[in-house]
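> Okay, here's the structure, questions in a sec.
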């Protein structure tokens, strides 16, 4: 198969143990150019662009917030955000807990303070948030007709578990709740996914080929639908067992240049 588009998850898949792109990965992406590498992640756009520059493909589209925002440079190809009524309830339920809320819209990231959780995410993504109370953010977004592309709730495992169960019971028809760790909840709109985001690109940007010509890489539950939909879905060896089971192929771990090795093998 002659693949015409590469899509890759970031954390746990593309980046090495230092949360950086390895020399081998950069070399393989540059080798197969002009086949584009589209980064597809739960991260905000600003946390993806420095990686695009490392690849030398800053002009390629990018997919942020697990598909909630699809961009061609600054042009918005697709945007779906969470209703502010949902955000208001999350703020209300978190008010008397130790739970940290990070609120994201496009390249905006707001935190109530630079606490442990904010610093941890800043270190992971190389982006610095703006300090503003969640209520202030909600009020501003309501006036501006905006909402959260992503909400991250981080804190004590028991408090996070209680919040997860409450939100799942109340808003399961509107939001997708994802837990990468017992201290995290990542929240996005129910109607979006990495698969739907690739479909947006194929409809609006890469219009001369189909999903069969796409190779994609992932490691976690939110990658499963994408890996099953594309022509070749590749899991890194450190992926969750469910991801390994559905993948068309398994490469080495993210720490051992798995994506680079698969590109070398499958993309000629």
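The values are calculated or read from the model by the stated rules, or taken from the named source; none is laboratory data. Since the model is a prediction, treat every value here as computed from it, not as a measurement. When we count neighbours, we look across all protein chains shown, and the Cβ atoms used for this are built from the backbone with ideal geometry, even at glycine.
> Given the residues 211, 226, which is the only one that is under 20 Å from residue 3 (Cβ atoms), in contact (Cβ under 8 Å) with a residue 40 or more places away in the chain and either in contact with a helix residue (DSSP H, G or I) (Cβ under 7 Å, 6 or more places away or on another chain) or buried (at least 22 other Cβ atoms within 10 Å of the Cβ) (or both)?
On inspection, the qualifying residue turns out to be 226.
> I would also like to ask the following. Looking at 87, 71, which is the one that is touching a strand residue (DSSP E or B) at 6+ places or on another chain (Cβ under 6 Å) and assigned to a helix (DSSP H, G or I)?
Exactly one of 87, 71 is touching a strand residue (DSSP E or B) at 6+ places or on another chain (Cβ under 6 Å) and assigned to a helix (DSSP H, G or I), namely 87.
> Now for a separate question. Within the stretch 241-258, can you find the residues that are part of a loop (DSSP other than H, G, I, E, B) and surrounded by fewer than 16 Cβ atoms within 10 Å (Cβ to Cβ)?
Correct list: 248, 252.
> Have a look at 73, 52 and point out the one that is under 16 Å from the mean Cα position of the chain (by Cα), farther than 22 Å from residue 175 by Cα and surrounded by fewer than 24 Cβ atoms within 10 Å (Cβ to Cβ).
Values: 73 fails: under 16 Å from the mean Cα position of the chain (by Cα).
Within the list 73, 52, the selection yields 52.
> Another question, then. Considering only strands (runs of 3 or more DSSP E) fully contained in the stretch 96-167, which possess at least 3 residues that are touching a helix residue (DSSP H, G or I) at 6+ places or on another chain (Cβ under 7 Å) and buried (at least 19 other Cβ atoms within 10 Å of the Cβ)?
Filter on the stretch 96-167 gives 100-105, 150-154.
> Can you confirm whether the stretch 177-193 contains a residue that is part of a strand (DSSP E or B), without any contact (Cβ under 8 Å) to a residue 24 or more places away in the chain and surrounded by 14 or more Cβ atoms within 10 Å (Cβ to Cβ)?
Checked against the condition, which is being part of a strand (DSSP E or B), without any contact (Cβ under 8 Å) to a residue 24 or more places away in the chain and surrounded by 14 or more Cβ atoms within 10 Å (Cβ to Cβ), the stretch 177-193 yields at least one hit.
> Here is a check on your reading of the model: is residue 231 within 21 Å of residue 35 (Cα to Cα), modelled with pLDDT of 95 or more and touching a helix residue (DSSP H, G or I) at 6+ places or on another chain (Cβ under 8 Å)? First the steps, then the outcome.
Working: within 21 Å of residue 35 (Cα to Cα): yes; modelled with pLDDT of 95 or more: yes; touching a helix residue (DSSP H, G or I) at 6+ places or on another chain (Cβ under 8 Å): yes.
For residue 231, the condition - within 21 Å of residue 35 (Cα to Cα), modelled with pLDDT of 95 or more and touching a helix residue (DSSP H, G or I) at 6+ places or on another chain (Cβ under 8 Å) - is met.
> Let me ask something else. Only one of (1) part of a helix (DSSP H, G or I); (2) touching a helix residue (DSSP H, G or I) at 6+ places or on another chain (Cβ under 8 Å); (3) assigned by TED's automatic domain parsing to the domain that holds residue 175 is not met by residue 66, so which one is it?
The single condition residue 66 does not satisfy is (3).
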